[in-house]
Structure formats: C-alpha cells, structure tokens
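Asker: Please see the structure below; I have some questions.
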Amino acid sequence: MSAASLAAVRGMNDVLPADIGAWQHLERVSAALFAAYGYEELRVPVVEQTGLFKRAIGEFTDIVEKEMFTFSEADGESLTLRPEATAGVARAAITNGLLRGARLKLWTCGPMFRHERPQAGRYRQFHQFSVEALGFAGPDIDIELIAMSARLWKQLGLTGITLKLNSLGTPESRRAYREQLVGYFTQHAALLDADSQRRLHGNPLRILDSKNPAMQAVVAGAPLLPEFLDAESREHFAAVCATLTAMQIPHVVDPRLVRGLDYYSRTVFEWVGDALGSQNAVCSGGRYDGLIAQLGGPATPAIGFAMGVERVVMLLQQAGSVPASAGADVYVITGGERATRAGLALVERLRDALPGLRFEMNQGGGNFKAQFRRADRSGARLALILGDEEMERGAAALKPLRQELAQAETPLAELPARIPALLDTLQDRGG
C-alpha cells in the first residue's frame with residue numbers, strides 16, 4: 001500500500017506533538033475554570049440514534065439535511081456520528097434519571113462530525129467543549145455562562161473576540177415572526193437562491209444566515225425578530241444586557257443572530273474572533289428551554305454553549321499565548337553497558353524519590369557527544385552522567401546544560417538531595 005493511499009481522511013486531521021501543547025493548555029485552563037464555577041464533567045457517546053438529532057436539531061437544518069455521517073446497523077437501526085453534543089447531553093440526562101428535581105451544571109469535550117467542505121477553522125472531524133446548565137430558568141444563568149466564557153478568554157490571554165447577543169423569544173413569538181418572514185420572502189422569492197427557496201417553508205429563519213452576497217440586500221430588508229418578542233422574553237433579555245453592561249462585559253445586540261439549530265429559544269449569543277477570516281465564530285450558544293421535553297423528558301429550562309477547540313487553538317497560536325512545553329529537567333547520559341543497565345534502575349529510584357521532576361533517559365546508545373546533543377534538544381537543564389568508572393565508585397556526574405558551570409561528581413546516595421538543590425540554584429541564576 002502506497003503512502004498516498006494511507007493519507008488521513010479529508011477533513012480529519014492529525015494533531016502533531018508540535019501543536020499538542022496548545023490543545024493541552026486550552027484543555028487544562030478550561031477544565032479548571034469550569035470546575036471553579038461548579039460545572040462537572042460528563043462523557044457521552046460519539047454515536048447516537050439518528051432520530052435523536054432529527055428531533056433535537058430540526059429536520060430542515062443544514063446539519064440534518066446535508067452534514068451528518070449516518071450509517072445503518074445490520075438490524076436496520078440508523079446511527080449517526082454526533083454533529084454536536086447538546087442533544088447527547090440532554091438524552092443522557094433523561095435516560096439516566098438525572099432530572100428529577102435536579103439542577104445540573106455539566107461540561108463535556110470531544111470530537112464532533114459534520115460532512116462539510118473542509119477549510120481553515122472548519123473540519124469534518126472537529127472538537128468542541130460543550131457547557132450545559134439544566135434546570136435554571138432565570139437570566140442569571142445566561143449571564144453566568146457568558147461571564148465564564150469572557151473570563152476564559154482573559155485567562156487564555158486572547159483579545160479581539162466580540163460578543164454578539166439576541167433573543168429568539170418563546171416558540172409562540174417565533175411562530176408569529178416566522179409567518180411574517182415567510183410572507184416577506186415569498187414576496188421576494190425571485191431573489192432567493194436555491195438553498196433559501198428550499199428553506200422558505202421549512203426553516204425560514206435560516207435564510208437570515210445566508211452568506212450569499214447576492215442575497216444580502218433582501219435579507220437586510222426582512223422584518224426583525226425583536227419586533228415580535230413577547231413581553232416576558234423582552235424582560236429576560238433586557239436583564240441579561242443590563243447586567244452584562246454593569247459587569248463591564250462589552251456586547252453587541254445583533255437582531256439577525258438566529259443560530260442554526262431549531263432547539264434554541266430566548267437568549268442566543270456568539271463570540272466571534274476578528275483574526276479567523278470567514279469562519280470567525282469561536283463560541284456559540286443559547287437557551288433551549290423546550291428541548292428536554294421535546295425529547296420525552298420533564299419540562300426543563302436549559303442553556304449552554306459550544307466552543308470550537310481548533311479555532312481557539314488557532315487564536316492561541318496567532319497570539320503567541322501558548323506556554324512553552326515543559327521539557328525534561330534531567331537528561332540521563334550513560335557510557336558503557338553496565339552503566340546503562342544500572343542507569344535504568346537508578347532513574348526509576350530517582351523518579352520515586354523526586355516525583356515532581358522530569359527525567360529523560362537516553363535510549364538507543366550513542367557516544368557521549370551524540371548523547372549530549374540529544375540532551376540539549378530535550379530542553380533539560382541538567383545532565384546526569386553515568387559511566388562504568390563512576391559506577392565503580394558509587395557516583396555519578398552532574399553537568400549544567402544551560403550555563404557554563406563545571407561538571408561535579410556526586411555519590412549516588414546523595415543524588416535525591418543534590419539534584420533539586422542544583423536545579424534551584426540554576427533557576428536562581430536564570431538557567
């Protein structure tokens with residue numbers, strides 16, 4: 001089989017060691033922040049019944065109509081690789097009996113799958129953090145989720161990310177708006193592209209999301225959703241906006257922000273990055289108060305957001321906000337067969353005695369010159385050198401690698417005390 005035939009599937013990418021540091025940094029910071037706000041991790045399957053996504057996301061959405069990876073089992077059951085996580089989290093809460101009077105704060109992370117045209121920031125296998133709060137009806141939880149995401153950008157050192165907000169109101173107010181929208185776009189049907197004409201009677205709100213330049217004039221003239229909001233939704237949204245202003249969290253109210261999934265209601269929001277080109281949404285979410293009941297569970301107010309890992313990683317790399325990967329503290333160099341065998345056992349004892357330090361053992365032989373080159377590439381600050389003659393004396397040599405300091409011999413029994421002391425000295429000297 002040729003190398004070309006072993007290429008990764010289109011739109012499904014490898015994450016190489018050179019890039020993994022940014023991913024791990026984002027995962028560490030996010031998990032710690034979510035825990036600090038009282039959110040617990042939940043893990044849900046990558047594969048769910050196809051019907052779950054049709055019922056949750058909406059049959060007339062692009063995701064269900066064109067983008068899902070769906071296959072059939074031998075018994076005819078239709079299964080789908082998850083295109084998003086909220087439906088799976090809602091299903092898990094229902095089927096595991098987590099909603100009996102409970103209020104839940106949950107997060108999950110993992111791969112999602114959509115059959116889209118691959119481009120920068122958009123892949124067929126992509127990764128998301130999904131954060132969900134179930135059982136909270138008031139605007140305070142909307143505000144907390146938005147404030148938590150704003151704090152995440154701050155902790156990651158990211159700027160140039162703008163918050164957009166809108167309210168979709170209740171299903172009743174959306175139905176009234178939908179009728180007006182269908183009437184308006186029907187009058188301008190000749191100006192609609194094929195996708196918009198297909199959506200006209202199934203999901204007309206999605207026409208507002210059209211990126212077709214030829215459609216922008218007709219979209220700009222469409223009725224605005226806020227004009228049809230019910231009084232309770234207006235009050236809810238006003239409380240969200242006023243509190244964000246008081247908290248000094250800048251935001252822009254965008255009356256054409258509708259989100260692409262049918263389950264959203266009331267508050268919807270989107271964080272967009274100005275350095276990502278056309279695929280600029282970094283984090284998107286909103287309320288989905290009717291979803292759990294729609295799936296057969298008890299009536300449960302809910303809100304959540306999804307954050308695209310690949311897009312945030314791109315921002316971290318562009319901003320130079322990824323901490324340098326931690327290399328070894330000590331690189332172990334050996335000379336001679338006996339020293340190599342003894343060195344393996346010695347390093348394991350040192351790892352037991354000094355669990356906070358990172359030891360890298362030279363592997364694959366090589367003369368001292370080659371091993372010192374490897375030690376330098378490892379990033380280690382200190383070399384531990386074991387030769388047959390030193391082993392005869394029950395000693396090893398310690399050599400700083402980042403400073404012009406002399407090599408010093410140390411009895412093996414004193415290494416657990418000597419190594420951290422020397423590393424602290426090197427740190428104080430800036431090495």
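The values are calculated or read from the model by the stated rules, or taken from the named source; none is laboratory data. No experiment lies behind these values; they were computed from the predicted model shown. Reconstructed Cβ throughout: ideal geometry from the backbone, glycine too, with neighbour counts over all protein chains shown.
Asker: Can you list the helices (runs of 4 or more DSSP H) lying wholly within the range 287-383 that have 2 or more residues being in contact (Cβ under 8 Å) with a residue 60 or more places away in the chain?
Answerer: On the way: elements: 291-294, 309-319, 337-353, 368-378.
Qualifying helices (runs of 4 or more DSSP H): 291-294, 309-319, 337-353.
Asker: Could you please find all residues in the range 144-195 being in contact (Cβ under 8 Å) with a residue 12 or more places away in the chain, closer than 30 Å to Ala32 by Cβ, out of contact with any Asp or Glu (no Cβ under 6 Å at 6 or more places or on another chain) and surrounded by fewer than 16 Cβ atoms within 10 Å (Cβ to Cβ)?
Answerer: Going through the range 144-195, the residues in contact (Cβ under 8 Å) with a residue 12 or more places away in the chain turn out to be 144-153, 155-174, 176-178, 180-182, 184-186, 188, 191-193, 195.
Right, trim to closer than 30 Å to Ala32 by Cβ and you get 144-153, 155-165.
From what is left, the residues that are out of contact with any Asp or Glu (no Cβ under 6 Å at 6 or more places or on another chain) are 144-153, 155-159, 161-163, 165.
Ala147, Arg151, Gln155, Gly157, Thr159, Thr162, listed by residue number.
Asker: Scan the range 253-276 for residues that are surrounded by fewer than 16 Cβ atoms within 10 Å (Cβ to Cβ), at pLDDT 85 or above and either farther than 29 Å from His188 by Cα or not assigned by TED's automatic domain parsing to the domain that holds Leu145 (or both) and report the count.
Answerer: The qualifying residues number 0.
Asker: Out of Gly356, Gly335, Gly327, Gly365, report the one residue that is at positive phi and either out of contact with any Lys or Arg (no Cβ under 7 Å at 6 or more places or on another chain) or not assigned by TED's automatic domain parsing to the domain that holds Ile419 (or both).
Answerer: Details: Gly356 fails: at positive phi; Gly335 fails: at positive phi; Gly327 fails: at positive phi.
Answer to the selection: Gly365.
Asker: Hey, another quick one. Is it the case, given these coordinates, that Val46 is at pLDDT 90 or above, assigned by TED's automatic domain parsing to the domain that holds Ile141 and touching a Pro at 6+ places or on another chain (Cβ under 7 Å)? Even if it seems obvious, please write down each step before you answer.
Answerer: Values: at pLDDT 90 or above: yes; assigned by TED's automatic domain parsing to the domain that holds Ile141: yes; touching a Pro at 6+ places or on another chain (Cβ under 7 Å): yes.
Against the criterion (at pLDDT 90 or above, assigned by TED's automatic domain parsing to the domain that holds Ile141 and touching a Pro at 6+ places or on another chain (Cβ under 7 Å)), Val46 qualifies.
Asker: Something else now. I'm trying to understand the selection: among the residues of the range 360-388, which are more than 35 Å from the chain's Cα centre (by Cα), among the charged types (D, E, K, R) and within 17 Å of Leu344 (Cα to Cα)?
Answerer: Asp388
Asker: In the range 345-359, which residue that is crowded, with 18+ Cβ neighbours inside 10 Å and either within 34 Å of the chain's Cα centre (by Cα) or of a type outside the set (A, V, I, L, M, F, W, C) (or both) is nearest to Pro420 (Cα to Cα)?
Answerer: By that ranking, first place goes to Leu354.
Asker: Which members of the range 403-430 meet the condition of being modelled with pLDDT under 85 and touching a helix residue (DSSP H, G or I) at 6+ places or on another chain (Cβ under 9 Å)? Walk me through how you get there before you give the answer.
Answerer: Of the residues in the range 403-430, the ones modelled with pLDDT under 85 are 403-407, 425-430.
Within the range 403-430, Gln403, Leu405 meet the criteria.
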